[in-house]
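Colleague: Handing you a structure now.
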Amino acid sequence: MEFINKYFELDKLGSNPKREFIAGLTTFFAMCYILFVNPSVLGASGMDKGAVFTATALASALGCLIMGIFANYPIATAPSLGLNAFFAYTVCIGMKVKWQTALAAVFVASIIFILITVFKLRELIVDNIPNDLKFAISAGIGIFIAFLGLQNGKMVVNSASTLVTIGSFKDPAAWVTIFGLLVTIFLMIRRVPGAIFIGIVLSSIFSILVGQSKMPTSVVSLAPSLKPSFGQAIFHLGDINTVQMWTVVLTFLLVAFFDTTGTLIGLAHQAGLVDKDGKMPRIGKAMAADSTAMMVGSVLGTSPVGAYVESSSGIAAGGRSGLTAVWVGIFFLLSMFFSPLLSVVTTTVTAPALIIVGVLMASNLAKISWNKLEIAVPAFLIMVGMPLTYSIADGMALGLITYPITMAAAKRGKEVSPMMWILCVIFIIYFLILNV
């Protein structure tokens, strides 16, 4: 136990093994839905759902273990939502690209991703983003995941006339969300340890009672075989030989790059892992974790892996060190044999946790210089852009394109680093590529 305390610097970070365990369990329950959502999404491309399930668990576990052991960050990784949809619906179905070739594109993008990380380009970018915009990124992610929670919990639903509207209280899912939200808020205000995790457990029970979830028919099952997808990314590298496929590679790279970078910035701020100068210690190692997991995931047979915003629920539960991520990795490995039991923890059950975490992360709004319009405008665009575009990368793009322009208008152009001007151009190209 002393070795664990010393290695993960638990005393320095104000944590302990028990708190890290609860935080890891909380994060895992908040994101384990990906084990069922990812096979469903990638299955639309023709991939074997069982193989995708196992690949998802293994790739997620690997990324979490690297993040925890080498970077000492309480941030979990898994196949990114959004990129899996781009993989299946845009690349495979829309462009009529074979899923084997799409996996090869992910593999090539991950190699470039690793090179960018090794040469510390990602680290350079993070260090050059102004603190005000980093606070906006953190708050924007909070609002984004709160929106996800409201949507998953059926409190907010689609509307043909207004895009979104209030959900129906005839839907039992809405009552599961309301129940979980009230219970979790009560527990957190009373400072009950593990409040978010307890809220998820009680919501699961309530969900079964109201018929929203079904009791699992079994507890243990064997993990499906990886054989249908394993190694296909390597076998089809020769297919990356057209302008269309290199555009796909570039899109995977850009979205994964900025999505995970924004997530890392936001979560590091929430966990208090940023020093007085706004720098993130060991950020290079944290970035190496998601890029390596992305590469291995493509070989196993899954879409790009990245840092997960749901890690914020574990951070809110007290997770401060890599031990939290290590526990998440262990739980992903165990999940391959307990998939029937995990089916009870639906996105509806974890919705209240996401809403609560959104409240906690929104506190970063107070640290932004709102009295300076040249700062307020790009910060605001980042903050609202993430939930309204349903993308962390797109929200960052709106703000980082605007920032050099507003600073130049305020005659503060000399304060803008060359990297911020470069990012402005890169994001403009990024939007052009997405639209083409």
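Colleague: Can you spot a residue in the range 375-382 that is without any contact (Cβ under 8 Å) to a residue 60 or more places away in the chain, among the aromatic types (F, W, Y) and surrounded by fewer than 23 Cβ atoms within 10 Å (Cβ to Cβ)?
Modeller: Narrowing the range 375-382 to residues without any contact (Cβ under 8 Å) to a residue 60 or more places away in the chain: 376-377, 381.
In the following step, the residues that additionally are among the aromatic types (F, W, Y) were identified as none.
No, the conditions are met nowhere in the range 375-382.
Colleague: Looking at (1) part of a helix (DSSP H, G or I); (2) more than 21 Å from V91 (Cα to Cα); (3) within 16 Å of the chain's Cα centre (by Cα); (4) of a type in the set (A, V, I, L, M), can you tell me which one M294 breaks?
Modeller: Exception for M294: condition (2).
Colleague: For the range 358-373, give me each residue that is of a type outside the set (A, V, I, L, M, F, W, C), part of a helix (DSSP H, G or I) and open to solvent by 30 Å² or more (accessible area, probe 1.4 Å).
Modeller: Those that are of a type outside the set (A, V, I, L, M, F, W, C), part of a helix (DSSP H, G or I) and open to solvent by 30 Å² or more (accessible area, probe 1.4 Å): S363, K367.
Colleague: Could you go through the range 408-424 and let me know if any residue there is over 23 Å from the mean Cα position of the chain (by Cα) and β-branched (V, I, T).
Modeller: The answer is yes; a qualifying residue exists.
Colleague: Within the range 240-261, how many residues are over 25 Å from D290 (Cβ atoms) and in a helix (DSSP H, G or I)?
Modeller: The total comes to 2.
Colleague: Here is a follow-up. Can you confirm whether K285 is part of a helix (DSSP H, G or I), touching a helix residue (DSSP H, G or I) at 6+ places or on another chain (Cβ under 7 Å), open to solvent by 40 Å² or more (accessible area, probe 1.4 Å) and in contact (Cβ under 8 Å) with a residue 60 or more places away in the chain?
Modeller: Values: part of a helix (DSSP H, G or I): yes; touching a helix residue (DSSP H, G or I) at 6+ places or on another chain (Cβ under 7 Å): yes; open to solvent by 40 Å² or more (accessible area, probe 1.4 Å): yes; in contact (Cβ under 8 Å) with a residue 60 or more places away in the chain: yes.
When the stated conditions are applied, K285 passes them.
Colleague: Out of I196, I205, I143, I need the residue that is surrounded by fewer than 19 Cβ atoms within 10 Å (Cβ to Cβ) and either assigned to a helix (DSSP H, G or I) or within 24 Å of the chain's Cα centre (by Cα) (or both). Which one? Break it down into steps so the answer makes sense when it comes.
Modeller: Working: I196 fails: surrounded by fewer than 19 Cβ atoms within 10 Å (Cβ to Cβ); I143 fails: surrounded by fewer than 19 Cβ atoms within 10 Å (Cβ to Cβ).
It is I205.
Colleague: Could I ask something else about it? Given the residues S339, S311, S343, which is the only one that is more than 20 Å from V156 (Cα to Cα), modelled with pLDDT under 95 and under 14 Å from the mean Cα position of the chain (by Cα)?
Modeller: Details: S339 fails: under 14 Å from the mean Cα position of the chain (by Cα); S343 fails: under 14 Å from the mean Cα position of the chain (by Cα).
Being more than 20 Å from V156 (Cα to Cα), modelled with pLDDT under 95 and under 14 Å from the mean Cα position of the chain (by Cα) holds for just one of S339, S311, S343, which is S311.
Colleague: Among (1) more than 25 Å from A136 (Cβ to Cβ); (2) among the small types (G, A, S); (3) crowded, with 17+ Cβ neighbours inside 10 Å, there is one condition G238 misses while meeting the rest; what is its number?
Modeller: Evaluating G238 over (1) more than 25 Å from A136 (Cβ to Cβ); (2) among the small types (G, A, S); (3) crowded, with 17+ Cβ neighbours inside 10 Å leaves (3) as the failure.
The values are calculated or read from the model by the stated rules, or taken from the named source; none is laboratory data. It should be emphasised that the depicted structure is a prediction, and the values quoted were computed from it without experimental measurement. Please note: Cβ atoms are built from the backbone with ideal geometry, for glycine as well, and neighbour counts cover all protein chains shown. For the accessible areas, the whole protein counts, side chains as well, though only heavy atoms, and no ligand, DNA or RNA atoms are used. Shrake-Rupley method; radii C 1.70, N 1.55, O 1.52, S 1.80 Å.
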